[in-house]
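Each remark here refers to the structure printed beneath this line.
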Amino acid sequence: MWLDCALVAGYLAVLLFIGLRGGRQVKNTADFTAHSGRYGVAVIFATLAASYIGGGFSSGNASEAFSHGIGSTLALMGFALAMMGIGRFLVGGVARFRGVTTVGGILELDYGWGARVLCGLFSFLSCAGVVAAQMEAMGLTFRTLLGVPDTVGILIGFGIVVVYTTFGGMQSVIAADMVQFLLLAVGMPLLLIGGLHRAGGIGAVVQALPAAYWNPLNGTTLWGFLSLFVSLAVGEALAPPYTQRLLLGRTPAVTARATILSGAFAVPFFAVTGLIGLTAFALNPLGDAATAMPRMILTVLPVGLRGLVMAAMVSIILSAADGFLNGATVGLVCDCVLPLFPKTSPVVQLRLLRYSNLLIGAAAVGLSLWLPNIFDILLVAYSFWCPVMLVPLAAAFRGVRVSRRGFFCAVGAGLFSSLFWTLLLGEPFGIHGSVVGLLINAGVFFCFHAASNTVRNISK
């Protein structure tokens, strides 16, 4: 076991080295946000994939598959389709935003600094929630793999992520993502192969599963499944960490190709992690669903290989946490604070980014201790993004805009309808509030767009 622990410790040391080394190159806000569009297909593809594949999409998927079967894995395919759709239909519009480094900066071009501040606020809230989900997954992973308490595991993950994101900003995040992508792309298939070998092959796994596990509606309703599919498809669509990466590509064509590839990669990855959960059930149907993936690592893999896959599982969680932590920090400082205080000196700007990164990470740790379920935290985070910012942002990429009044009305309608549906009505029919908020937001936005077109036609 000492060799496995040494491999994990060595991997974490590499991440710290990347952060400290990258920090020496960060002299101002532009360096922290990695503003120059110099990255090619391979880098954008790997950093996008590493960012969205976190604890919820890996161990969370395995846990849901262990408990209910294939439903969660099929619902996750909505996210893969959304990523490919973004690459095909939206990313071409990124040429319009050359030189823009933040999500709020995109909306500022059409709706002014007030839209930028509002976008920054919701970027901060949604991203901080996703970081909390990853911290919760980190605690669970370290407890199962290394036997440390959840709180200690969360603090270990927090410490590692905060060091390299605080010092190196987006440049260190991208460098770390390269290492993390390689580990997760190799580690998860190795774990599945080891599990299937221990279980006696795919046929034995199929025979060991209850018939209900092959029904996508097991444990839910048709409306509940469709709602989850849509929530996963749009919940993180154009989320700040992903949109930031869309602004870093060398050309729009490069970025579009990388985005489509990242969505295509999600399909087999989600299938692999779902099969890991099903295989874990076949091996031990009475086990704990929440720890299905890490426990399988301990039971089916030999020493050495086990340490590699343990590092891969840790990398999955850290790769999502670092991107969303950077997104929360950039959103709060660059899109909220600096537009309100434009005369802030470059030195103070960089200090604000680094101090905010530390404080946001600490707040995410507190949220992870308060809400213990990874999927619940993710759905809370989604409620502060897709019902309010997704439609105007996607429209901006397509060159579609409304009046400033229309923008703020759509944002308000999406937010309040989502909260009303969730908090007061209790999500009737199992439909998530974020889905309702998104539909209301889109309805208001395009009503204003249609009205403005009518006025223009009449004036002609």
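Go through (1) farther than 29 Å from T221 by Cβ; (2) of a type in the set (G, A, S); (3) surrounded by 16 or more Cβ atoms within 10 Å (Cβ to Cβ) one by one and return the number of the condition S452 breaks.
(3)
Determine which single condition G99 fails, assuming it passes every other condition in (1) at positive phi; (2) surrounded by 21 or more Cβ atoms within 10 Å (Cβ to Cβ); (3) not aliphatic (A, V, I, L, M).
In the conditions (1) at positive phi; (2) surrounded by 21 or more Cβ atoms within 10 Å (Cβ to Cβ); (3) not aliphatic (A, V, I, L, M), G99 misses (2) alone.
When segment 410-427 is examined, which residues are found to be modelled with pLDDT under 90 and in a helix (DSSP H, G or I)?
L419, T422, L423, L424, listed by residue number.
Mind checking which residues of segment 423-449 are within 27 Å of the chain's Cα centre (by Cα) and surrounded by fewer than 19 Cβ atoms within 10 Å (Cβ to Cβ)?
L423, G426, E427, P428, F429, G430, L439, G443
Quick check: anything in segment 63-75 surrounded by 18 or more Cβ atoms within 10 Å (Cβ to Cβ) and aromatic (F, W, Y)?
Yes: segment 63-75 contains one or more residues that are surrounded by 18 or more Cβ atoms within 10 Å (Cβ to Cβ) and aromatic (F, W, Y).
Taking F57, is it touching a helix residue (DSSP H, G or I) at 6+ places or on another chain (Cβ under 9 Å), free of Cβ contacts under 8 Å to residues at least 40 places away in the same chain and closer than 20 Å to L183 by Cβ?
Judged against the criteria, F57 is not a match.
Against the condition touching a helix residue (DSSP H, G or I) at 6+ places or on another chain (Cβ under 6 Å), aliphatic (A, V, I, L, M) and surrounded by fewer than 24 Cβ atoms within 10 Å (Cβ to Cβ), how does V41 come out, does it pass?
yes
Inside segment 190-247, can you point out the residues that are loosely packed, with under 15 Cβ neighbours inside 10 Å, among the β-branched types (V, I, T) and within 20 Å of N284 (Cβ to Cβ)?
I193, I202, V206, listed by residue number.
Which condition number does A6 fail, the rest of (1) open to solvent by 10 Å² or more (accessible area, probe 1.4 Å); (2) farther than 30 Å from V303 by Cβ; (3) small (G, A, S) being met?
Evaluating A6 over (1) open to solvent by 10 Å² or more (accessible area, probe 1.4 Å); (2) farther than 30 Å from V303 by Cβ; (3) small (G, A, S) leaves (2) as the failure.
How many residues, within segment 24-38, are assigned to a loop (DSSP other than H, G, I, E, B) and open to solvent by 20 Å² or more (accessible area, probe 1.4 Å)?
Of the residues in that region, 8 qualify.
Looking at T166, T220, T243, T255, can you tell me which residue is hydroxyl-bearing (S, T, Y), farther than 20 Å from G55 by Cβ and not in a helix (DSSP H, G or I)?
Every option except T220 fails the conditions.
Here are some residues: L140, L226, L183. Which one is under 18 Å from V272 (Cα atoms) and part of a helix (DSSP H, G or I)?
Only one candidate qualifies: L183.
Where in segment 258-376 are there helices (runs of 4 or more DSSP H), lying fully within it, with 2 or more residues that are open to solvent by less than 50 Å² (accessible area, probe 1.4 Å) and on the phi > 0 side of the Ramachandran plot?
Here the list is empty.
Would you check if T151 is closer than 20 Å to P294 by Cα, surrounded by fewer than 19 Cβ atoms within 10 Å (Cβ to Cβ) and touching a Gly at 6+ places or on another chain (Cβ under 7 Å)?
For T151, the condition - closer than 20 Å to P294 by Cα, surrounded by fewer than 19 Cβ atoms within 10 Å (Cβ to Cβ) and touching a Gly at 6+ places or on another chain (Cβ under 7 Å) - is met.
The values are calculated or read from the model by the stated rules, or taken from the named source; none is laboratory data. Values in this document were obtained by computation on a predicted structure and should not be read as measured data. Heads up, the Cβs are rebuilt from the backbone with ideal geometry, glycines too, and the neighbour counts pull from every protein chain shown. Accessible surface areas use protein heavy atoms only, side chains included; no ligands, DNA or RNA. Shrake-Rupley method; radii C 1.70, N 1.55, O 1.52, S 1.80 Å.
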